[in-house]
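The next block holds one structure in the form of structure tokens; read it before the comments.
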Amino acid sequence: MDPVSDPPFEEAYKILLNKTKNNRNNVPNDNKFPVVEECELPVIDLSRLEDDNEMVREACKYEIARASQEWGFFQVINHGIPNDIFSRLKCEQEKVFKLPFDKKTKEDKFLQFSSGSYRWGTPSATCVGQLSWSEAFHIPLKDVLESNAQPNTLRSTIEQFAIISSNLAQTLAHILAEKMGHESTYFKENCLPNTCYLRLNRYPPCPIASEIHGLMPHTDSDFLTILYQDQVGGLQLVKDKKWIAVKPNPSALIINIGDLFQAWSNGLYKSVEHRVVTNPKVERFSMAYFLCPSNESVIESCKKPSLYKEFSFQEYRQQVRDDVQKLGTKIGLPRFLLF
């Protein structure tokens, strides 16, 4: 581990790590599902949405909706983001994460992002099973689009990724609403650029990778997530009561359904549990765009009878924070079930 740039995981979580090293029997077993071999997610060619043939366009939309119901995850190619943006993203991410740790903790100010954007580890962890061996910049999109900060290569590259991702997320959300038979302006009215988020992720090599997550199992608390990842691999998701290891695809973006879309669609589209496993030797980078509404926006199931009670995004976020603080883990949508 690089003592200069990497977060002080071993020092901060010394007690938890020692318990694991000294007594393997005490390692929490979150593997309630077996792990199966690497699998490629459904791949959808979005260029078909521009085809002159209506049947081709509708077939593409159907595949998006079906994957959202059956997998909660899918990949898209010909998504409109040039490859050179990904190359620059990887380069700029490596630069910012290689800064000395004490500087990264102050990088919010340096990059003029909101205070607290830089995060690492899991402050609420009470056992190794709740520890995430990763660091991230979790950035409100308004910090990128509305800032008067001096432009730099990182900010301009993030902005390009964010603008195209915003358009893509709106397109996918509209298609999913349409396939429910629900022509809706909800997403354009409530999920504005200044209410969405970006997250730059780095997963350092972990000395006891078999026992610690890069990112602990969770579902996303948004409508849609658009993920760009490198070719290291490590993303796993639950399918048919098994952990599926996602095979990296250099040409694709990964799309996954979040909790809010599951509630809004009354359970039609699935927000699926996923995690990132650690690697003992190789670091991993990714970047995610989260389609989120304003805090005041109300999420109400479109179909009746509703499975979930109405709630605002602020209420949902607060409940998640409370559960993580008290229990060490997120509960999520089950808190809002009516029955």
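Put a plus charge on the Cβ of each Lys and Arg, a minus charge on the Cβ of each Asp and Glu, and nothing anywhere else: the dipole of the stretch 9-307 about its Cα centre is then about 1060 debye.
Using a cutoff of 8 angstrom between alpha carbon atoms and counting only pairs six or more residues apart, the relative contact order for the chain works out to 20 percent. Taken one residue at a time, the phi angles of the stretch 235-245 give Karplus couplings (6.51, -1.76, 1.60, θ = phi - 60°) of 6, 9, 9, 8, 9, 6, 6, 9, 7, 9, 7 Hz. Gly and Pro are set to x. Computed over the alpha carbons of the stretch 9-307, Rg followed by Dmax gives 19.5, 64 Å.
According to the square roots a ≥ b ≥ c of the eigenvalues of the Cα gyration tensor, what is the shape class of the stretch 157-250, taking rounded for a/c under 1.5, prolate for a/b larger than b/c otherwise, and oblate for the remainder? It is prolate, given that a/c is not under 1.5 and a/b is the larger ratio.
Here's how it looks for Trp133: its modeled amide H is under 5 Å from those of His213, Gly214, Leu215, which are all 5 or more places away or on a different chain.
What's the extension gain from Leu99 to Glu37 if we count 0.36 nm per residue and subtract their Cα-Cα distance? Could the numbers behind the result be given before it?
Details: separation 62, 0.36 × 62 = 22.32 nm, distance 3.58 nm.
Contour length minus the Cα-Cα distance gives 18.7 nm.
Amide H to amide H distances under 5 Å link Val43 with Gln75, where only residues 5 or more positions off or on other chains count and H is placed in the peptide plane. Please work out the C-alpha center-to-center distance from the stretch 312-336 to the stretch 35-92 and express it in whole Å. Measuring centre to centre over Cα atoms gives 30 Å. The stretch between Cys127 and Asn249, if pulled fully straight at 0.36 nm per residue, gains 40.6 nm over its current Cα-Cα span.
Among Asn249, Gly332, Ala67, whose Cα lies farthest out toward the positive end of the dipole of the chain, if unit charges sit on the beta carbon of Lys, Arg (+1) and Asp, Glu (-1)? Among Asn249, Gly332, Ala67, the one farthest towards the positive end of the dipole of the chain is Gly332. Result for the chain in a Gaussian network model with C-alpha springs under 10 Å: among Lys281, Lys61, Lys142, the largest mean-square fluctuation is at Lys281. Over the residues of the chain, the helix contribution to mean residue ellipticity at 222 nm works out to -10000 deg cm²/dmol, using -39500 (n - 2.57) for each DSSP H run of at least 4. Among Tyr289, Tyr228, Tyr118, the residue with the largest mean-square fluctuation in a Gaussian network model of the chain, with springs joining Cα atoms closer than 10 Å, is Tyr118. Each of Ser5, Ser251 has some number of other Cβ atoms within 10 Å of its Cβ, and from fewest to most they run Ser251, Ser5.
Counting Lys and Arg as +1 and Asp and Glu as -1, each charge on the Cβ, what is the dipole of the stretch 179-335 about the Cα centre in debye, to the nearest 20? Write down the numbers at each step before the final one.
Numbers: 20 positive and 16 negative charges, 92 e Å.
Computed about the Cα centre, the dipole is about 440 debye.
Springs between alpha-carbon pairs under 10 angstrom, Gaussian network model over the chain: which of Pro140, Pro100, Pro34 fluctuates most? Ranking Pro140, Pro100, Pro34 by mean-square fluctuation puts Pro34 first.
Fully extended, how many nm does the chain gain between Ser115 and His182 (0.36 nm per residue separation, minus their Cα-Cα distance)? Before the final figure, lay out the partial values.
Values: separation 67, 0.36 × 67 = 24.12 nm, distance 3.86 nm.
So the extension gain works out to 20.3 nm.
Evaluating 6.51 cos²θ - 1.76 cosθ + 1.60 at θ = phi - 60° for every residue in the stretch 277-285, the Karplus couplings come out as 8, 8, 10, x, 10, 10, 7, 10, 10 Hz, glycine and proline recorded as x. Cross-link check: pairs Lys242/Lys270; Lys106/Lys330; Lys239/Lys270; Lys241/Lys270 evaluated at a Cα-Cα cut-off of 18 Å; pairs beyond the cut-off: Lys106/Lys330.
FYI, it's all coordinate maths here, none of it is from the lab. Small disclaimer: the values here were computed from a predicted structure and weren't measured. Please note: Cβ atoms are built from the backbone with ideal geometry, for glycine as well, and neighbour counts cover all protein chains shown.
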